[in-house]
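The values are calculated or read from the model by the stated rules, or taken from the named source; none is laboratory data. Source: prediction; values computed, not measured. Virtual Cβ from ideal backbone geometry, glycine too; neighbours counted across all protein chains shown. Just the protein is used for accessible areas: all its heavy atoms, side chains included, with ligands, DNA and RNA removed. Shrake-Rupley method; radii C 1.70, N 1.55, O 1.52, S 1.80 Å.
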Amino acid sequence: MNKKTNLLNSSVGRKFLMGATGLFLCSFLVIHLSGNLLLFKNDGGIAFDAYSEFMATNLLIRTIEIGLFAGFLAHIIFGAWLWLDNRRARPQRYEINKASDSSTLASRTTFLTGSIVFIFLVVHLNTFFVPTRILGIELSMYDLVVEAFKNPVYDAFYVIAIALLGYHLRHGFQSAFQTFGIRGQKYLMLVNIVALIFWLIIPIGYISMPLYFLWAHLSGVN
Amino acid sequence: MNFILKAWRQKNGNDKGMFVAYSAHDISPDASFLEMLDVLNDELVKKGEEPIAFDHDCREGICGSCGLMINGRAHGPQRGIATCELRMRSFKDGSSIVVEPWRAAAFPVIKDLVVDRSSFDRIMEAGGFISVKTGGSPDANAIPIPKSISEEAMDAAACIGCGACVAACKNSSAMLFVGAKVSHLALLPQGRSERTERVEHMIAQMDEEGFGGCSNTYACEAECPKEISVVHIARLNREYLRAKLV
Ligand code: HEM
Ligand code: SF4
Ligand code: FES
């Protein structure tokens, strides 16, 4: 018998890819948020626009961006693949299934939360990325942000999608470490603390942007 | 005690199957779940009906034969026990109980509540062993093994192969079972020499049998009658990563 598997044709290998791309995307969340915090600098968007200009023109950034798109694509494709495989493994459902007695809702809904994040991603790129980076329209990114966040429906969608991203990471972040076999008593605590940054603090950071600009619009600051 | 039992009836693998309601009377609170089924089956036989087929052997939680999905929980509502150890006093008198077989593509139903778990056997054949010359029994302490390591290996070795981990997992994943087997052998010096091929072959077989992947929901650990920890799944992942890197 000589059964050999590789990373792509084994279920565990594909989970490694999910975990690796997932953590890579987490690193992007940190960078994206820290740059966007310039939105809160009270200078009418000068600093933010300069930052945006830098991100749009720097060759290194544009190269990393390709990797980011590849990471998203791989995470989404392998996520869908896993989900299909996992459904196939249970062709007949249970009449009664008290799954909540033995596992968390977040752990059972990663595909659903991920899919909503994906829809969000499309909307988000369509608002900010397509006009400036693809169509090459010359405009202030800050003005674009201010304009987009005036719409309360758009803002509500934002808040919900980001909250669900947080929920995705409520399970996903620690899960990636289990996937890579990092689970000793000494790591478990540390991972759970760092996870808190990703599933709670970073989402709050992102959510504060539409909320702030909506508030600014309604109260006439902008 | 009295119960309304809604049991899955299915003539064979090709039959569609359906739930049939039965009433079980005068059941002792100290009866095990399987003894309750025995009482009910006696009655069915007397009436000339086909008894409900279910797997069992040791009836003391060590063989892994029994295994039923009871009210949506693998091995019933209590933790850390097999179906044969579940007592009827755990249920409310007069309540209705839904009993289903394990559901997984890799565990096809043979009849009623009996599923075919030979997929587990094939995973074991693929690598769940050590190749040694059997001869005279070796000296007990010829190979020194630290206590903590032997304890952890023994924890993994407690797996009785019941399949509750698969049954409870939303993906019908066998990672806790395979994790327990791989971990048990990888921890001990006797199992070390074949660790690379073992993890490769067992995972390849696991995938071939049609078990799902692990989403780390940890439902398996919660439902395992031997309370095997998902730490062993982490070790399985490590062993696999190592096999890919060396
Ligand atoms: C910024 C966006 C995202 C981040 C940071 C992220 C992060 C993660 C992380 C860290 C994991 C855990 C990996 C593991 O268990 O080893 C994960 C799992 C998962 N992600 Fe995402 N994800 C994102 C977007 C998406 C999207 C758009 C989808 C679309 C379908 C998705 C689908 C999934 C699925 C299905 C899993 C679970 C795989 C399993 O069953 O174990 N994710 N994600
Ligand atoms: S790991 Fe637990 S639930 Fe799974 S087969 Fe072994 S004893 Fe049964
Ligand atoms: S009959 Fe042996 S474990 Fe239940």
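Observations, loosely collected:
- Residue count for the stretch A:37-92 satisfying the condition of being aromatic (Phe, Trp, Tyr), touching a residue at least 60 places away in the same chain (Cβ under 8 Å) and open to solvent by less than 60 Å² (accessible area, probe 1.4 Å): 2.
- For the stretch B:165-180, a residue qualifies if it is within 8 Å of ligand 2 (Cβ to nearest atom) and closer than 17 Å to B:ALA153 by Cα, and the qualifying residues are B:LEU176, B:PHE177, B:GLY179, B:ALA180.
- Note on the stretch A:50-147: enclosed helices (runs of 4 or more DSSP H) holding 3 or more residues that are hydrophobic (A, V, I, L, M, F, W, C) are A:59-88, A:110-124.
- Within the stretch A:163-222, the set of residues being within 14 Å of chain B (Cβ to nearest Cβ), small (Gly, Ala, Ser) and in a helix (DSSP H, G or I) comprises A:GLY172, A:SER175, A:ALA176, A:ALA195.
- Selection count, the stretch B:203-246, where residues are of a type in the set (Phe, Trp, Tyr), in a loop (DSSP other than H, G, I, E, B) and either more than 7 Å from chain A (Cβ to nearest Cβ) or surrounded by 24 or more Cβ atoms within 10 Å (Cβ to Cβ) (or both): 1
- Qualifying positions in the stretch B:144-174 - touching a residue at least 24 places away in the same chain (Cβ under 8 Å) and of a type in the set (Ser, Thr, Tyr): B:SER150, B:SER172, B:SER173
- Residues that are open to solvent by 30 Å² or more (accessible area, probe 1.4 Å), more than 9 Å from chain B (Cβ to nearest Cβ) and within 13 Å of ligand 1 (Cβ to nearest atom) do occur in the stretch A:125-147.
- From the options B:GLY163, B:GLY191, residue that is small (Gly, Ala, Ser) and under 11 Å from the mean Cα position of the chain (by Cα): B:GLY163
- Checked against (1) touching a residue at least 60 places away in the same chain (Cβ under 8 Å); (2) exposed (fewer than 15 other Cβ atoms within 10 Å of the Cβ), A:TYR167 passes all but condition (2).
- Listed by first and then second residue, the pairs linking a residue in the stretch B:59-83 that is without any contact (Cβ under 8 Å) to a residue 24 or more places away in the chain to a residue that is in a loop (DSSP other than H, G, I, E, B) and within 13 Å of ligand 3 (Cβ to nearest atom), with Cβ atoms under 7 Å apart and 6 or more places separating them unless they lie on different chains, are B:GLN78/B:LEU86.
- Restricting the stretch A:93-124 to residues that are open to solvent by 90 Å² or more (accessible area, probe 1.4 Å) and over 30 Å from B:ILE97 (Cβ atoms), the residue that is nearest to the other protein chains (Cβ to nearest Cβ): A:LEU112
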